[in-house]
Protein chains: 2
Amino acid sequence: MEEKCPSYTVQELPLILLDAHLSQYSYVGGFQPSQADVAVLTSGCVPPSPPRTLPNVRRWAAHMATFSSVECLAFPPYTLGCKMDDQLSDLVHKNIKMSGEAQNSKKCPKNNKGGESGKGKSGKFTLKTPKGTRDYGPVEMAVRRQVFDTIYDVFHMHGAVEIETPVFELKEVLTGKYGEDSKLIYDLEDQGGEILSLRYDLTVPFARYVAMNKITNIKRYHVARRYREFYQCDFDIAGQYDAMIPDAECIQLVHQVLSRLNLGDFTVKVNHRKILNGVFGACGVPSEKFRPICSAVDKLDKTPWEDVRKEMVDEKGLDSDVADLIGEYVKLSGREDLLEKLKQDERLKNSTDAQAGLADITLLYQYCKSLGCDVHLVFDMGLARGLDYYTGVIYEAVLMAGQTSKGEGPVGSVAGGGRYDGLVGMFDPKKKTVPCIGLSFGIERLFAIQEQKQRAENEKLRSTQTEVFVAAACKGMVHDRLKLIGLLHEAGIKAESSYKNNPKILNQLQYAEDNAIPLVVLIGESEVQEGVVKLRETATRAEVTIKREELVLAVRQRLGKNS
Amino acid sequence: MEEKCPSYTVQELPLILLDAHLSQYSYVGGFQPSQADVAVLTSGCVPPSPPRTLPNVRRWAAHMATFSSVECLAFPPYTLGCKMDDQLSDLVHKNIKMSGEAQNSKKCPKNNKGGESGKGKSGKFTLKTPKGTRDYGPVEMAVRRQVFDTIYDVFHMHGAVEIETPVFELKEVLTGKYGEDSKLIYDLEDQGGEILSLRYDLTVPFARYVAMNKITNIKRYHVARRYREFYQCDFDIAGQYDAMIPDAECIQLVHQVLSRLNLGDFTVKVNHRKILNGVFGACGVPSEKFRPICSAVDKLDKTPWEDVRKEMVDEKGLDSDVADLIGEYVKLSGREDLLEKLKQDERLKNSTDAQAGLADITLLYQYCKSLGCDVHLVFDMGLARGLDYYTGVIYEAVLMAGQTSKGEGPVGSVAGGGRYDGLVGMFDPKKKTVPCIGLSFGIERLFAIQEQKQRAENEKLRSTQTEVFVAAACKGMVHDRLKLIGLLHEAGIKAESSYKNNPKILNQLQYAEDNAIPLVVLIGESEVQEGVVKLRETATRAEVTIKREELVLAVRQRLGKNS
């Protein structure tokens, strides 16, 4: 065998530079992903699996692989964000230019103010944020809070507790849990006598937590930031329970969050690892190839069947007949009718695995019906989920077409998860396990979709929650206004007033309208003398006069608050 | 002049090792502050201002200086947390032993599970978190969420918006803003052509944000984590408004947060930079020494007057007569009576600054009375606040004795802030300024006090928020339970049920009691047939039978929710 001696080509040179660059920065453009990352990724210089000699490129490439193409398109454009070697800079600019036309037709995100205002170097001090960083303004923060509040509310509705685990885990905790995704784990070389890895998800640390604290049952959520920038948001149930009841709860929870966020139609795809294994076995896949073939099936949502088949046959050495047979099954999707049909399927009839999986999904459908969350549930045999640790039901929620301003087909997965009954046992010295099921929200994508939706609808996004504005019709009433503020706050009502001693009445009413504050409490000298106030609805401009001591009750009623 | 050549003494050797150690770890014990940090700090090896040649020791020492002695005492004990040079390890152990007696009398915090379970090295794989890290369990997370929810609620009550700024700022943004605290700023050497510093507070970045975006008025809050571990939580009002109205709002906000957290009696100390300057001027301090003398006065809460006087005279070159005169004033504290007395004070009568400040505080008292938040307000002439940027009203909230299980005197400052009218203008090319006032909560201290308080009261701290438990009295009712869960969730009621097909009735009622779930909905076969449910109050065990369609209303009424 003649193996070519590795030589450094012109194309490889930037990789070494890139590695040095990425030892200083999180991304090509600095500390925020941008089109520069996309440019370098698509330059053809970066191999699918960078060698160990380029640890920073490996880390970066693995991290970039966690973004979908939709997310990559949503990255802000590249503006000179950090110091860069000339050759690397050339590479970036060449490739940015190549994809430049596509970029130019899109609106430039307005939020890269830091980079933009940094250009003028004539003044002695340029007011800007550090290169590659940005501020998040009130509207962006309000969208995040709204999405999180909705999700937290649903978590609490299900009686979940919250935990937090460290950003790093011992490398051994993470190894052997993720299958082909293991290559995405970012190792930190020897840190004080321990080999550590950056956690890859929140599930394996959760299983470690359950095993370490000898917990027999817990329902917990965990919200964390990855790489300082990206949020992760997980919900899991651990415990030995009767079949499919916690599984149905997870489906219900996804259903509730997506319904409440009101992002339009969605589908929750569901499948079962045992059904997949049953199909693989019945089609003639040797059992040691179940997992690699499962990983290939997992690519079906982004890759045409022909390419997946090629991977099965060429890369994973499967007989082409067997692959074709698998193809017949993984294309199927439906509801209870499909389940019934498969129970009678000649090949699957004798597969214990397949029959057990089909019985589970049938029961899951029944529970989801009782919970009122079955309408969006689709049994999809092409759903595989990449990670090795799943053992039972798996699911993925997909938002349907028309959700984005572009309105072009599904926007992709916004939540996913499944059952992993063996993971906790992998950490227990006696292999004692605790069955688990969980799900993870694509929270950054939900932020982006929510913001886009609200902009598209020209919805006036409130960045405050004020319920009442206290206004005065004449001069010298600042103390009277403050007393009303004190009264309303005391009753738990969100209320504001002007900071001016003698604000103009029109300005005050305008402020309430501009900020969509639903109610205005209006006082003048006669109102104060008579012990009454005027209560005005901003939307209708309707006014009623009520006694001061009845104000709180009246406000609460109009806001739909409990009295 | 003979200056001694610097020589490396035995004591200095560990400093070089310490610097190398701290280049790898955030703290002496790893990634969490511990008694090891206290041991090294008190070993006598670390100079008050470490030289620039030891950048990591400088960073660490500056960071440690931000903890009060109370906070240092609350650090967990040191357990071998990370790899350490023998000499450094000796230093740590020698000094830990020295302070060991004091330590032993206290209860060991139970939360350092990671370190503890890492000892047994007999097994092939020890289940633990990385050295120096820990998990946060449901109770700790529930306390944090409770404190944050209270604070957010008050922020929203005042109509504040949220923003987020980067962890780093250009060094120029931070320089010249903090006075003597400037030495605590952690610089990052040249990062891609820019000199960056880790932000020191959230106030200066806020002023930069206001100036950069040409904002004329905003009321914002910002919650951030410092050094990945510690939360900061700020509220600020920017805008040109009438005197003392926003200032009174800040006092009211502190009052509301501390009242709602129910941590017992507290005092909000208030003073005015103009009053201090007026006093300094009237006593004969040259104006260029106003700021250094103000910094000295700032130490009065931790240092006896004699030492502060010494600093004024010996270090800052003040005449001892002048220092004594200042001493007469800064010891004073009171309410409106003191204000009136000082307005007539012979020395202050002709000081424009002092009279302006006294008029402001008088007006502030009036507004706080109207807002109903003046009871805890104390005019304290010894309050100075260290930072240079304050220009007007300054305040600090202190919890009083008996709040902690030890019950020994005030636990120290839990919030503080003031007016800084010049800061935004420092960033504007035309020096156009926006007056600002703000406050910062000592959020980590509030977490600790709240947790301590709840443990001391043996209060059963709920880590869930479940309102209703759905139970069945007989077998085969899982679908009926799930339907009720669906119904209650649909109505926004937090409800749980057992994951077992046929749970025992006593176990279900016990679960509701153990978890302090206020209501139980109980069904049996006859209830389902008749279309009714039993509604049981967990605390009283009182049961009523109601129609199924009236369940939501009945639950809402009992929970005090709006219908």
Restricting to Cα atoms and excluding each atom paired with itself, what does the Kirkwood estimate give for the stretch A:434-563 in Å? 16.6
Cleavage-rule hits, GluC sites (Glu not before Pro), the stretch A:279-354, DSSP coil, Cβ neighbours within 10 Å at most 12: A:GLU346
Over all Cα pairs of the stretch A:199-348, how is the pair count split among 10 Å bins, expressed in % and running from 0 up to the last occupied bin? 8, 27, 31, 27, 6, 0
Does the stretch A:275-430 come out rounded, prolate or oblate, given a ≥ b ≥ c as the square roots of the eigenvalues of its C-alpha gyration tensor, rounded meaning a/c under 1.5 and, failing that, prolate meaning a/b above b/c? rounded
Pairs A:LYS302/A:LYS431; A:LYS177/B:LYS131; A:LYS274/B:LYS475; A:LYS302/A:LYS430; B:LYS171/B:LYS343: which are spaced more than 31 Å apart, C-alpha to C-alpha? A:LYS302/A:LYS431; A:LYS302/A:LYS430; B:LYS171/B:LYS343
All aspartates and glutamates inside 18 Å of A:LYS299 as judged from Cα atoms, apart from same-chain residues fewer than 8 positions distant: A:GLU71, A:GLU180, A:ASP181, A:ASP307, A:GLU311, A:ASP314, A:GLU315, A:ASP324, A:GLU328, A:ASP380, A:ASP388, A:GLU396
Through the Karplus equation 6.51 cos²θ - 1.76 cosθ + 1.60, θ set to phi - 60°, convert the phi angles of the stretch A:544-557 into ³J(HN,Hα) values in whole Hz; use x for Gly and Pro. 10, 9, 9, 5, 4, 6, 9, 4, 4, 4, 5, 5, 4, 4
Rounded to the nearest Å, the spacing of the alpha-carbon centers of the stretch B:453-514 and the stretch A:509-530 is 45
Suppose every Lys and Arg Cβ carries +1 and every Asp and Glu Cβ carries -1, with no other charges. What dipole size does the stretch B:312-465 come out with about its Cα centre, to the nearest 20 debye? 760
Relative to the other copies, what are the label-point distances for B:ALA356, with labels 7 Å from Cα along the C-beta vector, expressed in nm at one decimal and sorted shortest first? 8.1
For the stretch A:246-335, what is the relative contact order in percent, using Cα pairs closer than 8 Å and at least 6 residues apart in sequence? 23
Sort shortest first the distances from A:ARG291 to its counterpart in every other copy, using label points 7 Å along the Cα-to-beta-carbon line, and give them in nm. 6.3
With a 1.4 Å probe, what is the total accessible area buried between chains B and A, in Å² rounded to the nearest 100? 8300
Placing +1 on each Lys and Arg Cβ and -1 on each Asp and Glu Cβ in the stretch B:312-462, then taking the dipole about the Cα centre, the residue among B:SER333, B:SER320, B:LEU377 whose Cα reaches farthest towards the positive end is B:LEU377
The Cα radius of gyration of the stretch B:366-523, divided by 2.2 N^0.38 Å with N its residue count, comes to 1.74
If you put +1 on each Lys and Arg Cβ and -1 on each Asp and Glu Cβ, how big is the dipole of the stretch B:202-266 around its Cα centre, in Debye rounded to 20? 440
B:MET400 label points, 7 Å along Cα→Cβ, one per copy: pairwise distances from this copy to the rest in nm, shortest first? 6.3
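The values are calculated or read from the model by the stated rules, or taken from the named source; none is laboratory data. Note that the structure is a prediction, hence the values are computed from the model and not measured. Glycine gets a Cβ as well: all are built from the backbone with ideal geometry, and neighbour counts include every protein chain shown. For the accessible areas, the whole protein counts, side chains as well, though only heavy atoms, and no ligand, DNA or RNA atoms are used. Shrake-Rupley method; radii C 1.70, N 1.55, O 1.52, S 1.80 Å.
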